[in-house]
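**Q** The following block contains the structure, expressed as C-alpha cells.
Only the coordinates and a few stated rules stand behind these numbers; no lab work does. What you are looking at is a predicted structure, and each value in this text was computed from that prediction instead of being measured. Note: ideal-geometry Cβ built from the backbone for every residue, glycine included; neighbour counts use all protein chains shown.
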Amino acid sequence: MKKKKILVTGAGGQLGTVLVKALQDRKGKENVIATDVYVKPEMQNILVSLDATNIKAVEEIVEKNDITEIYHLAAILSAKGEERPLQTWDINLKSLFTIFEVACKYKINKVFFPSSIAVFGNSAPKQNTPQNAYLDPTTVYGISKIAGEQWANYYFSKYGLDVRSLRYPGIIGHQSLAGGGTTDYAVDIYHKAVKKEAFECYLNENTALPMIFMTDAVRATLELMDAPKHCIKTRTSYNINALSVTPKQLVTSIKKWYPDFKVCYKEDFREKIAQSWPSSILDTQAQEDWNWEPHYKLDDVSNEMFIELNKKYNLHSQL
Ligand code: SER
C-alpha cells in the first residue's frame, strides 16, 4: 500500500501549529508537509510556503510529494473577515475549490475541511443548537463556511471525494495564539493572567460561546479522520460540543489560580458576532457516528493552560 503522506495548509495558524505536530507524531515528520501562505524567517525549516488559492502550486506540491491526505486549514476567520468581506469570500472559497479539484485529480484518499459555529445565525436556537438548525450567518466567514460545507457534500456525492469536516467551537490552547476570530479572547485572557496583567475583554461578561480545549480539538479531528468511511454520515460538517463559557465564568475559573486577576469589559463589534452564535452545541450525530466525547471541563482547561504558559514564560515559581 502507498505510504500516507499528508499536506496541511494554514499550518502556521492556531490549530495548524498543533495538528501538524500530532500528525507528525503519528506518521513521521517526513510524511507531513506543513504549508502556509506567509512563512516567517524563523519558521522556514518547519513550514513550506504555499498559496492555497494557486492551483498550479498546490498541484506541484501534491505531485512532488505523493500526497494521499489533505488537511485544508487555511482561511480568514470571523472578525478579520469583516474588514474585507469580498476578499475573505474569495480566499476562503478559491482555496477550497483548489483543494477539492486537486484532491479529485490526484485521487487523494481523504480531505479534512474545518467549518465553524459561525455557520449559525440569529434563527438557530441559542442553547443546544442542533446539527440541522436553520443557517443564517451574520459574517462573511460564516457564509463561506456554509458554502464550503455544501461544496464538501457535493464533491462527496458527485465525485466520491472523502471530505470530512467539523464545526469547531472557539479553540483554547497554550501552544499558539488565535488570530482574527471572535473567540480569541479566551486564549489571550490566559496569557494576561500568567503575566499578571489586567485584561480588557471585547465581549459582554455574560455572552456564552461554545469552546473546546486544543487537546480535545486535535483528538476530535484525528478521530473523525480515522473513523471508517461508512460511519461518516454527515458530509456537510459535524457539530461538536465541549464547553459553553462566558467571559465571567472564565474569569471565575482563572481566579482559582490568580485571585488578583483583573478584567474590564469594553464591547466592540465582535460582541454582535458572538450574540449571533450559539451559546452551546448539540452534537448527537458526532457521538453516534464516531463516538465523539470531550474530555476537558473548564477548570481542567485552566489548569493545563497555567502549567504550560508558566513554562512558556519561564515563570515556574508562580504556581
Ligand atoms: N474561532 C472562530 C472565530 O472566532 C470560530 O470558528 O472566528
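**Q** With labels modelled as points extended 7 Å from the Cα through the Cβ direction, what inter-label distance (nm, one decimal) is found for ASN65 paired with LYS233?
**A** About 3.5 nm separates the two model spin labels.
**Q** Could you give the size of the charge dipole of the stretch 240-284 about its Cα centre, using +1 on the Cβ of each K and R and -1 on the Cβ of each D and E, expressed in debye and rounded to the nearest 20?
**A** 180
**Q** A 28 angstrom limit on the alpha carbon distance is what I want to check against. Which of LYS21/LYS195; LYS4/LYS80; LYS110/LYS272 exceed it?
**A** Too far apart for the 28 Å limit: LYS4/LYS80; LYS110/LYS272.
**Q** Also, I was wondering about something else. In whole Hz, what ³J(HN,Hα) sequence does the stretch 281-292 give by Karplus (6.51, -1.76, 1.60; θ = phi - 60°), x for Gly and Pro?
**A** 10, 9, 10, 3, 4, 5, 5, 6, 7, 9, 6, 5
**Q** How many nm is it between the label spots at GLU271 and HIS191, if each spot is 7 Å from the Cα in line with the beta carbon?
**A** 2.3
**Q** For a quick check of your reading of the filter: which chymotrypsin sites (Phe, Trp or Tyr not before Pro) in the stretch 194-247 sit in a DSSP loop and have no more than 15 other Cβ atoms within 10 Å?
**A** Qualifying residues, ordered by number: none.
**Q** Continuing with this model, one more query. Spelling out what I want: for every residue of the stretch 157-167, take phi, set θ = phi - 60°, compute 6.51 cos²θ - 1.76 cosθ + 1.60 (Karplus), and round to whole Hz; glycine and proline get x.
**A** 5, 7, 10, x, 5, 7, 9, 10, 8, 10, 8
**Q** Also: By how many nm would the segment from ALA147 to GLN87 lengthen if fully extended, with 0.36 nm per residue of separation less the alpha-carbon distance?
**A** 20.1 nm
**Q** Mind ranking 145-157, 6-18 by how tightly packed they are, going by the mean number of other C-beta atoms within 10 angstrom, highest first?
**A** 6-18, 145-157
**Q** Fewest first, what order do ASP25, ASP36, ASP289 take by the number of other Cβ atoms within 10 Å?
**A** Ranking ASP25, ASP36, ASP289 by Cβ neighbours within 10 Å, fewest first, gives ASP25, ASP289, ASP36.
**Q** Provide the gained length on full extension for the span LYS29 to GLU101, in nm with one decimal, where the gain is 0.36 nm per separating residue minus the Cα-Cα distance.
**A** 23.3 nm
**Q** Sticking with this one: Residues with amide H under 5 Å of TYR168's amide H, sequence separation 5 or more or different chain, H placed in the peptide plane at 1.01 Å from N; which?
**A** It is SER115, SER116, ILE117, by chain and number.
**Q** Count neighbours as other Cβ atoms within 10 Å of each site's Cβ, and list the trypsin sites (Lys or Arg not before Pro) in the stretch 1-100 that are DSSP loop with at most 10 such neighbours.
**A** Here the sparse-neighbourhood loop sites are LYS2, LYS3.
**Q** Using θ = phi - 60° and the Karplus curve 6.51 cos²θ - 1.76 cosθ + 1.60, what whole-Hz ³J(HN,Hα) does each residue of the stretch 63-79 get, with Gly and Pro shown as x?
**A** Once θ is set to phi - 60°, the couplings for the stretch 63-79 become 5, 4, 9, 6, 5, 10, 8, 10, 10, 9, 9, 4, 5, 9, 7, 5, 6 Hz.
**Q** Which loop trypsin sites (Lys or Arg not before Pro) in the stretch 206-266, with loop taken from DSSP, have no more than 15 other Cβ atoms within 10 angstrom of their Cβ?
**A** Passing both the DSSP loop test and the Cβ count: LYS233, LYS256, LYS262, LYS266.
**Q** Sticking with this structure for a sec: Tell me the Kirkwood hydrodynamic radius of the chain in angstroms, computed as one over the mean inverse distance between distinct C-alpha pairs.
**A** 20.0
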